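J.: Would you mind keeping the following structure in view while I ask a few things?
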Amino acid sequence: MEKELNVTYVTLAWYVEIKYRYVYFFIMCILYILIICSNSTIVYLICIHKNLHEPMYIFIAALLLNCVLYTTNIYPKLLIDFLSEKQVTSYSACLFQFFIFYTLGCSEFLLLAAMAYDRYVAICKPLQYQTIMRKNTVCIFLVIAWVAPACHIAVLAIASAEAKLCDFNVKGIFCNNAVYTLQCVRSRFITVFGVVSLLDLAMLPMLFVVFTYTKIFIVSYQSCKEIRKKAAETCLPHLLVLISYSVFFIYDVSIARVESNFSKTARIIMNLQIVLYHPLFNPFIYGLKMKEISKHLKRLLSQGNMSSCIKTEC
């Protein structure tokens, strides 16, 4: 690719000479369909059942919808690239993917923080729950969870768009923070604002969740058996999701800064961890571990089995 003065295209360098591309394509296509179907099914159940129209389940639906958008930002382009001889994208499209990827990624931390606050009020201040967690409050939390990250990441994307490029090969299978390695000199503004965004959108919500659940477990431990059971049933799934997501987020933030001699196939597999396990993990956790959702899910599956049996007999 010619390096003209105003270069607008970059290459996803780690795809070159990948073996078994059709096998990868088939596997990733199946996984993408599975992610979309599993997350959408839980969202559908929450939408159609009135007893699930509570703040806790609304936040779960928002979290799973976030997962659907998060993977849709990655997988369609990923599937196209597996079948293409040259994995080329415009720099503006790369930055847009970067923007969506980190906006939705950081939204997850804020949604988990909102869920933690909801559980704190429900368990520690049950008499005030209806007063505090009103529809307006839930809507405000949802707006903040999506708008605040978008504003932060937009600043980084715009600043990166203005930066001069000295490299045109993104060392990854999609445009994450590896786009910073394309810049001749990373500006101090991008570095400082990136750290501020990391603190505001990831570290502070994470610490808030840990602090909140610590208080919940202290209160529930000092309370009756019923309260302890309620805390375990509703808080443990959120805590598992937070731990798994935090691990993958830290991995994503650090991997672009680690220079190593991994093979291209190994690098692809390592990058796929970021967008593979977590979107599959969420519906499993909430579909099986949340009692009310699990009940409706089993009923939906049993209805599907009955209808298929009837069609077979016919």
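J.: Has the stretch 18-34 got any residue that is at pLDDT below 85, touching a strand residue (DSSP E or B) at 6+ places or on another chain (Cβ under 6 Å) and either among the hydrophobic types (A, V, I, L, M, F, W, C) or open to solvent by 80 Å² or more (accessible area, probe 1.4 Å) (or both)?
T.: Scanning the stretch 18-34, I find no residue that is at pLDDT below 85, touching a strand residue (DSSP E or B) at 6+ places or on another chain (Cβ under 6 Å) and either among the hydrophobic types (A, V, I, L, M, F, W, C) or open to solvent by 80 Å² or more (accessible area, probe 1.4 Å) (or both), so the answer is no.
J.: Among the residues of the stretch 223-238, which ones are of a type outside the set (Lys, Arg), surrounded by fewer than 17 Cβ atoms within 10 Å (Cβ to Cβ) and assigned to a helix (DSSP H, G or I)?
T.: Once the filter is applied, which keeps residues that are of a type outside the set (Lys, Arg), surrounded by fewer than 17 Cβ atoms within 10 Å (Cβ to Cβ) and assigned to a helix (DSSP H, G or I), the stretch 223-238 yields 226, 232, 233, 236.
J.: When the residues of the stretch 140-157 are narrowed to those that are more than 17 Å from residue 96 (Cα to Cα) and in contact (Cβ under 8 Å) with a residue 60 or more places away in the chain, which ends up least open to solvent (accessible area, probe 1.4 Å)?
T.: Once the filter is applied, the top-ranked residue is 145.
J.: Got a sec? Which of 137, 191 is of a type in the set (S, T, N, Q), modelled with pLDDT of 90 or more, open to solvent by less than 70 Å² (accessible area, probe 1.4 Å) and part of a helix (DSSP H, G or I)?
T.: Working: 191 fails: modelled with pLDDT of 90 or more.
After applying the criteria, what remains is 137.
J.: Kindly indicate the residue of the stretch 194-222 that is open to solvent by less than 40 Å² (accessible area, probe 1.4 Å) and farther than 30 Å from residue 155 by Cβ and also farthest from the chain's Cα centre (by Cα) among those meeting that condition.
T.: Here the answer is 220.
J.: Picking from 83, 127, 110, which residue would you name as being modelled with pLDDT of 90 or more and of a type outside the set (Gly, Ala, Ser)? Working first, answer last.
T.: Details: 83 fails: modelled with pLDDT of 90 or more; 127 fails: modelled with pLDDT of 90 or more.
Being modelled with pLDDT of 90 or more and of a type outside the set (Gly, Ala, Ser) holds for just one of 83, 127, 110, which is 110.
J.: Based on what the data block shows, is residue 289 within 30 Å of residue 101 (Cβ to Cβ), modelled with pLDDT under 70, more than 19 Å from the chain's Cα centre (by Cα) and not hydroxyl-bearing (Ser, Thr, Tyr)?
T.: Here the answer is yes, as residue 289 does meet what is asked.
J.: Going by what's in this entry, would residue 301 be described as modelled with pLDDT under 75, of a type in the set (A, V, I, L, M), outside any loop (DSSP other than H, G, I, E, B) and open to solvent by 60 Å² or more (accessible area, probe 1.4 Å)?
T.: Considered against the rule, which asks whether it is modelled with pLDDT under 75, of a type in the set (A, V, I, L, M), outside any loop (DSSP other than H, G, I, E, B) and open to solvent by 60 Å² or more (accessible area, probe 1.4 Å), residue 301 comes out as yes.
J.: Restrict the check to the stretch 61-80 and report whether at least one residue is part of a helix (DSSP H, G or I), at pLDDT 80 or above, over 21 Å from the mean Cα position of the chain (by Cα) and surrounded by fewer than 21 Cβ atoms within 10 Å (Cβ to Cβ).
T.: The initial filter retains those residues of the stretch 61-80 that are part of a helix (DSSP H, G or I), namely 61-72, 75-80.
Narrowing the set further to residues that are at pLDDT 80 or above leaves 61-72, 75-80.
Next, from what is left, pick out any that are over 21 Å from the mean Cα position of the chain (by Cα): 80.
If we keep only those that are surrounded by fewer than 21 Cβ atoms within 10 Å (Cβ to Cβ) as well, we get 80.
Taking every residue of the stretch 61-80 in turn, at least one turns out to be part of a helix (DSSP H, G or I), at pLDDT 80 or above, over 21 Å from the mean Cα position of the chain (by Cα) and surrounded by fewer than 21 Cβ atoms within 10 Å (Cβ to Cβ).
The values are calculated or read from the model by the stated rules, or taken from the named source; none is laboratory data. Just so we're clear, the structure is a prediction, and the values are computed from it rather than from any experiment. Backbone-built Cβ (ideal geometry, glycine too); neighbour counts: all protein chains shown. Side chains are part of the model used for accessible areas, which takes the heavy atoms of the whole protein and leaves out ligands, DNA and RNA. Shrake-Rupley method; radii C 1.70, N 1.55, O 1.52, S 1.80 Å.
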